[in-house]
Amino acid sequence: MRLDLSNPSLLAGGIALTLAALVGLELLPARTMDLMEPGAVNGPFLVTADGRQDGVEVRWLDERQRRLSCRYSAPKPFLGCGLTLVLTGSDPTRGRDLSRFDTLEIDLAYEGPSPFVRLAIRNFDPRFASLEDANSARFHSVNLRRRDVGRPVTIELAELTVPEWWMQQYDLAREYNRPGLKNANSLSIDLPFLQLGQTHEMQLRSLVLKGQWVDRDRVYLGILCSWLLGASLVVLRGWSQLRRSHNQQQREIDALTVRTRQLRVEQDQLRRLATIDDLTGVLNRRGLEQSLGDHEEAARGMTLVLLDIDHFKAVNDRHGHDCGDEVLKRVAAVVAANLRGSDVFGRWGGEEFLIACQGTRVHDAARLAEKLRERVQHSDICLAGGARIAVTASFGVALAPPGGSAADALKRADAALYRAKEAGRNRVETDRSLQSDAPTTV
């Protein structure tokens, strides 16, 4: 019989079991230990200055009701006032494991001027504690305010901490100072602040430890692990099915991958053909317009340099169109070799080329144009018969500020180029509408 983990009935059964476990955990009665039951512990014993149970300073008013009175009239090194429950049996080194309990419910009555009543538990740790020194058992305590007693109160055992005076007295390694109640050997209730002449009365009515029979965290972890295991099995089954179908589909996927790669190559070729000038190998007008549009949308601002080869028509008429094509390719190569990687360069049309420089410093663009003008002037074209053709170019520079129109900047660059032509060619002119950053003529 094959187990179908994706069956809705199986999923519903798992949910039902999970809910049953959670409800059962809530309804499970608490683990309790009544320390006041006869025979549960040894004691209680009075906490006195000299350890004697028949003293007058600390005495039972009603031992059966665990009611006591304290009054010291003479100074002593230790003014003890309270009671102690011994949690060990015949072996004083083996106490009770209180780590299985979470809370301690105490019903205590107190009358007197002390601001606090202290609850303390000692834990015998054989790594450092000894029977010769009763105080060496690790001390855990919490102080209850006067308004906290007089009625039943629940204390979280996690509230008990190891006081600094005990850490300083024994100066142990840090790991020994951590709270731990796995081997508690005594529980005491006393008054930490006593003065001579004061009268204190105390009665312990009840003292009950409570905890869980089952660790909630372990139950939750078990439920979580069960669901994770089930989910893992479902995923593994699905993976196996996918693995079986993978071999059947692999050929189709490979064929589709090859076809997609071919289409991408063809697409790149078409895109290049659509934006690259066949003759010069630089951007054509469409490619330039796309780049200018990108700059314009980014609103970063740019400087446009428009150049035109001087007397290009005369070159075509005298030497032929093949020579004219060589001039175009030579000029494009010279300009491209002297530009930055961030500059955009292309053939705008005929013998006109356009350069778009990032940034808005017209003076820098004008200097670049002047450098290009000199490079073009010194790049004579050598014909097949050995004859050389002198080539020059005129330049117009204009600014397209951030957020401005590239088309408007082109018109102004074209106007500056026209002035360069009118002024004798082979020169650089900048847009006359500029008020700063560069002179109008270079």
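The values are calculated or read from the model by the stated rules, or taken from the named source; none is laboratory data. Note that this is a predicted model, so its numbers are computed, not measured. Every residue, glycine as well, gets a Cβ built from its backbone with ideal geometry; the counts of neighbours run over all protein chains shown.
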Filter the stretch 151-160 for residues that are in a helix (DSSP H, G or I) and in contact with a strand residue (DSSP E or B) (Cβ under 7 Å, 6 or more places away or on another chain); which is surrounded by the most Cβ atoms within 10 Å (Cβ to Cβ)?
LEU157
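If you check ARG347, ARG361, ARG367, ARG373, which single one turns out to be charged (D, E, K, R), crowded, with 17+ Cβ neighbours inside 10 Å and more than 20 Å from HIS321 (Cα to Cα)?
Values: ARG347 fails: more than 20 Å from HIS321 (Cα to Cα); ARG361 fails: crowded, with 17+ Cβ neighbours inside 10 Å; ARG367 fails: crowded, with 17+ Cβ neighbours inside 10 Å.
None of the other options fit; the residue is ARG373.
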Looking at the stretch 227-246 only, could you name the residues that are modelled with pLDDT of 85 or more and surrounded by 14 or more Cβ atoms within 10 Å (Cβ to Cβ)?
none
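Within the group GLY293, GLY403, which residue is assigned to a loop (DSSP other than H, G, I, E, B) and surrounded by fewer than 20 Cβ atoms within 10 Å (Cβ to Cβ)?
Numbers: GLY293 fails: assigned to a loop (DSSP other than H, G, I, E, B).
Answer to the check: GLY403.
Quick one: is ALA420 touching a Ser or Thr at 6+ places or on another chain (Cβ under 9 Å), touching a residue at least 24 places away in the same chain (Cβ under 8 Å), over 20 Å from GLY287 (Cβ atoms) and buried (at least 23 other Cβ atoms within 10 Å of the Cβ)?
Spelling it out, ALA420 is indeed touching a Ser or Thr at 6+ places or on another chain (Cβ under 9 Å), touching a residue at least 24 places away in the same chain (Cβ under 8 Å), over 20 Å from GLY287 (Cβ atoms) and buried (at least 23 other Cβ atoms within 10 Å of the Cβ).
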Condition broken by LEU187, with the remaining ones in (1) out of contact with any Pro (no Cβ under 7 Å at 6 or more places or on another chain); (2) of a type in the set (A, V, I, L, M, F, W, C); (3) assigned to a loop (DSSP other than H, G, I, E, B) satisfied
(3)
Within the stretch 180-197, work out how many residues are out of contact with any helix residue (DSSP H, G or I) (no Cβ under 8 Å at 6 or more places or on another chain) and crowded, with 17+ Cβ neighbours inside 10 Å.
9
Only unsatisfied item for GLU175, checking (1) surrounded by fewer than 16 Cβ atoms within 10 Å (Cβ to Cβ); (2) touching a Lys or Arg at 6+ places or on another chain (Cβ under 9 Å), is (2)
Taking the condition of being closer than 19 Å to LEU292 by Cβ and of a type in the set (Ser, Thr, Tyr), how many residues in the stretch 405-429 meet it?
1
Return yes or no: is ALA416 within 58 Å of the chain's Cα centre (by Cα), outside any helix (DSSP H, G or I), within 17 Å of ASP308 (Cβ to Cβ) and aliphatic (A, V, I, L, M)?
no
Considering the stretch 161-176, residues that are over 19 Å from GLY95 (Cβ atoms) and part of a helix (DSSP H, G or I), and then whichever is farthest from the chain's Cα centre (by Cα), we arrive at GLN169
Any idea how many residues of the stretch 315-335 are under 19 Å from ARG427 (Cα atoms) and either part of a loop (DSSP other than H, G, I, E, B) or without any contact (Cβ under 8 Å) to a residue 60 or more places away in the chain (or both)?
4
Mind checking which residues of the stretch 8-31 are touching a residue at least 60 places away in the same chain (Cβ under 8 Å) and either among the charged types (D, E, K, R) or over 18 Å from LYS210 (Cβ atoms) (or both)?
GLY14, THR18, ALA21, LEU22, ARG31
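Search the stretch 247-276 for residues being within 30 Å of GLY287 (Cα to Cα) and basic (Lys, Arg), and hand back the single one that is modelled with the lowest pLDDT.
Step one: filter the stretch 247-276 for residues within 30 Å of GLY287 (Cα to Cα), giving 257-276.
Next cut, basic (Lys, Arg) only: 259, 261, 264, 271-272.
Numbers: ARG259: 74, ARG261: 80, ARG264: 79, ARG271: 66, ARG272: 61.
Looking at the filtered set, the residue picked out is ARG272.
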Show the residue pairs meeting these rules: Cβ distance below 7 Å; 6+ apart or different chains; first residue within the stretch 141-152 and more than 16 Å from GLY112 (Cα to Cα); second residue of a type in the set (Lys, Arg) and assigned to a strand (DSSP E or B).
SER141/ARG118
Select from the stretch 343-375 the residues that are at pLDDT below 95 and among the β-branched types (Val, Ile, Thr) and write down the one among them that is nearest to ALA314 (Cα to Cα).
VAL344
When the stretch 16-47 is examined, which residues are found to be under 40 Å from the mean Cα position of the chain (by Cα) and not hydrophobic (A, V, I, L, M, F, W, C)?
THR18, GLY24, GLU26
